Amino acid sequence: MSTHTVRQFPESFVWGTSTAAYQIEGAVAEGGRSPSIWDTFAHTPGKVHQGDTGDRACEHYQRFREDVALMSELGVRAYRFSVSWPRVQPAGAGPAVQRGLDFYRALVDELLEAGIEPYLTLYHWDLPQELEDAGGWPARNTAYRFAEYARLVADALGDRVTHWTTLNEPWCSAFLGYGSGVHAPGRTDPAAALRAAHHLNLGHGLAARALSDTLPSGAQLMVSLNPAVVRPRSDSAADRDAARRIDALATRVFTGPILRGAYDDDLLADTASVTDWSCVHDGDLALIQHPLDALGINYYTPSLVSAASGSPDAPAERNDGHGNSAHSPWPGADGVAFHQSPGPRTEMGWTVDPTGLTELLLRFHREAPGVPLYITENGAAYEDKPDAEGQVHDPERIAYLRGHLGAVHRALTEGADVRGYFLWSLLDNFEWAYGYSRRFGAYHVDFDTQRRTPKSSARWYGRVAASGQVPEGE
Ligand code: GBH
């Protein structure tokens, strides 16, 4: 008999894993798929670590049955994946390509047969290149195109998918894509980044309406955000103001319109020198504030900020992974410096701090009353080298997961309505600008042989999913 304390999760709690199309599928020229902005970006020299691309990735397009079998072996009952827009609607307009829809129908059927509930995300950053050429997210038309695409997918899969997410982390699409340029399409125009943020919000609202019109009753509509946990470095008024600014630009620029139907006054004032917000038309905010059935939260690490003036840490020349970069992803917040939070770090350099996850869940329990919450991504990158026997031991990842699941449990006991947890990620995959150099998977992938090997964390997570219990230490 173990004497360890055990945290018991509700019977109905959903345990899953998460992926995204460009990060795992490969097969970029199969089935009539056209290039997305990530194909273009990854094939542009100097944009992605060592010139890595998603051309093959995990070959999930060919190996999806094997990957569903991995999930069965793991014992998880839910899978969050994204649909590749250029696979389904290559030009970003016009009719759907049947072969593209067929792939996702086959994937969904394979999941349902295995007793795994599909959680479908419509947009995880792979905009059809043709739409970028027409202006991308800074152009209003992209929001309308997104809603049209949402309707195509809902028409095709609405009879078998219950859980629908419009966007994944629109912050990254807007501010890393058009502000700092470290993500596709690699533009560095602060005003364009803010317009992109508004058009992503509008796209969410229009798509939410299209989904509500199309899907059968009982469907669940959500959006996944990466709200920041921003901590001021000191209690000074200047540092607290820096934290307020980043909270506005990271989180409230989305939750304001989506949850409350308004952009907050402090955000509008902070960004007034960058944009006049004339991209917000009459009626937009009412559309964006479409009722949500659930809110998805992605959490990895908190941010530590201070007022830049008099700070000993000069802003970094290049992106340093914390928010300091040559081109800032924070338009209108030039006076803010980012710092390394104290504590152990993952291979991304991100500080391990589970308390941030409890804070976020309790915050949205307050700010989105009555809206169930899911952690749609959480996880960690570690080195994960196979040993002589080919086994991958990753005790750090187990510790990370144990800590963060403890944080979820704490939020539950304090009243937050948290319904599920999706581990990022099922597989090691294409980690965006880091290419294949960072591994987040429960399964190790050898990118030469495509061999998948469960890490020790996979077995640990499988036991948690099967029992609904998180042991405090082992
Ligand atoms: C998620 O994004 C993605 O949804 C997923 O596809 C990805 O693989 C996973 O996490 C792991 O990275 O230095 O100012 O640029 C992560 C999102 C990571 C958001 C780091 C902001 C740093 C801010 N973020 N981040 S900055």
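The values are calculated or read from the model by the stated rules, or taken from the named source; none is laboratory data. All values derive from a computational prediction rather than experimental measurement. Quick reminder, even Gly has a Cβ in these numbers, built from the backbone with ideal geometry, and neighbours come from all protein chains shown. Areas reflect the complete protein model, heavy atoms only, side chains present, ligands, DNA and RNA absent. Shrake-Rupley method; radii C 1.70, N 1.55, O 1.52, S 1.80 Å.
Odds and ends about this structure:
- For ARG231, the test of being farther than 30 Å from ALA154 by Cα and within 16 Å of the ligand (Cβ to nearest atom) is passed.
- Residue count for the range 294-307 under the criterion of being within 16 Å of the ligand (Cβ to nearest atom) and either modelled with pLDDT under 90 or part of a strand (DSSP E or B) (or both): the result is 8.
- Residue within the range 423-445 that is within 20 Å of the chain's Cα centre (by Cα), modelled with pLDDT of 95 or more and surrounded by fewer than 16 Cβ atoms within 10 Å (Cβ to Cβ) present: yes
- Every pair of residues 6+ apart whose Cβ atoms lie under 9 Å, when the first sits in the range 375-393 and is within 16 Å of the ligand (Cβ to nearest atom) while the second is open to solvent by 70 Å² or more (accessible area, probe 1.4 Å) and among the aliphatic types (A, V, I, L, M): none
- Selection within the range 239-252: residues that are more than 15 Å from the ligand (Cβ to nearest atom) and farther than 17 Å from ALA193 by Cα. The member of this set that is most open to solvent (accessible area, probe 1.4 Å) is ARG240.
- Condition check for ALA193 on (1) more than 16 Å from the ligand (Cβ to nearest atom); (2) small (Gly, Ala, Ser); (3) under 20 Å from PRO128 (Cα atoms): one failure, at (1).
- Top-ranked residue in the range 349-405 [being hydroxyl-bearing (Ser, Thr, Tyr) and either over 15 Å from PRO227 (Cα atoms) or open to solvent by less than 60 Å² (accessible area, probe 1.4 Å) (or both); ranked as nearest to the chain's Cα centre (by Cα)]: THR376
- Residues that are acidic (Asp, Glu) and open to solvent by 40 Å² or more (accessible area, probe 1.4 Å) within the range 110-131 comprise GLU110, GLU113, GLU117, GLU130, listed in sequence order.
- Members of the range 314-332 found to be modelled with pLDDT of 95 or more and either more than 30 Å from GLY403 (Cβ to Cβ) or away from the ligand (no atom under 14 Å from the Cβ) (or both), listed by number: PRO331
- Taken together, the residues in the range 152-182 that are in contact with a Pro (Cβ under 9 Å, 6 or more places away or on another chain), within 13 Å of the ligand (Cβ to nearest atom) and within 21 Å of TYR79 (Cα to Cα) amount to 0.
- Tally of residues being more than 16 Å from the ligand (Cβ to nearest atom) and at positive phi across the range 79-130: 3
- Of all residues in the range 446-473 being closer than 24 Å to TRP350 by Cβ and modelled with pLDDT under 95, the one that is surrounded by the most Cβ atoms within 10 Å (Cβ to Cβ): GLU472
- Selection over the range 270-285 of residues that are in contact with a Gly (Cβ under 7 Å, 6 or more places away or on another chain) and under 23 Å from ALA208 (Cα atoms) gives a count of 1.
- Going through (1) surrounded by 14 or more Cβ atoms within 10 Å (Cβ to Cβ); (2) at pLDDT 95 or above one by one, SER311 falls short only on (2).
- Hey, LEU111 within 21 Å of ASN226 (Cα to Cα) and in contact with a strand residue (DSSP E or B) (Cβ under 7 Å, 6 or more places away or on another chain) or not: no
- A count restricted to the range 1-33 and to residues that are of a type in the set (Ser, Thr, Tyr), in contact with a strand residue (DSSP E or B) (Cβ under 6 Å, 6 or more places away or on another chain) and more than 13 Å from the ligand (Cβ to nearest atom) stands at 0.
- Residues in the range 418-474 that are touching a Lys or Arg at 6+ places or on another chain (Cβ under 8 Å), within 16 Å of the ligand (Cβ to nearest atom) and among the small types (Gly, Ala, Ser): ALA433, GLY441, ALA442, SER457.
- Residues satisfying the stated conditions in the range 234-262, i.e. in contact with an Asp or Glu (Cβ under 7 Å, 6 or more places away or on another chain) and of a type in the set (S, T, N, Q): THR255
- When ARG140, ARG145, ARG160 are screened for being charged (D, E, K, R) and within 22 Å of the chain's Cα centre (by Cα), only ARG145 passes.
- Of all residues in the range 253-293 being polar (S, T, N, Q), part of a loop (DSSP other than H, G, I, E, B) and open to solvent by less than 60 Å² (accessible area, probe 1.4 Å), the one that is farthest from THR346 (Cα to Cα): THR275
- One residue from THR188, THR214, THR255, THR142 being of a type in the set (Val, Ile, Thr) and within 14 Å of the ligand (Cβ to nearest atom): THR188
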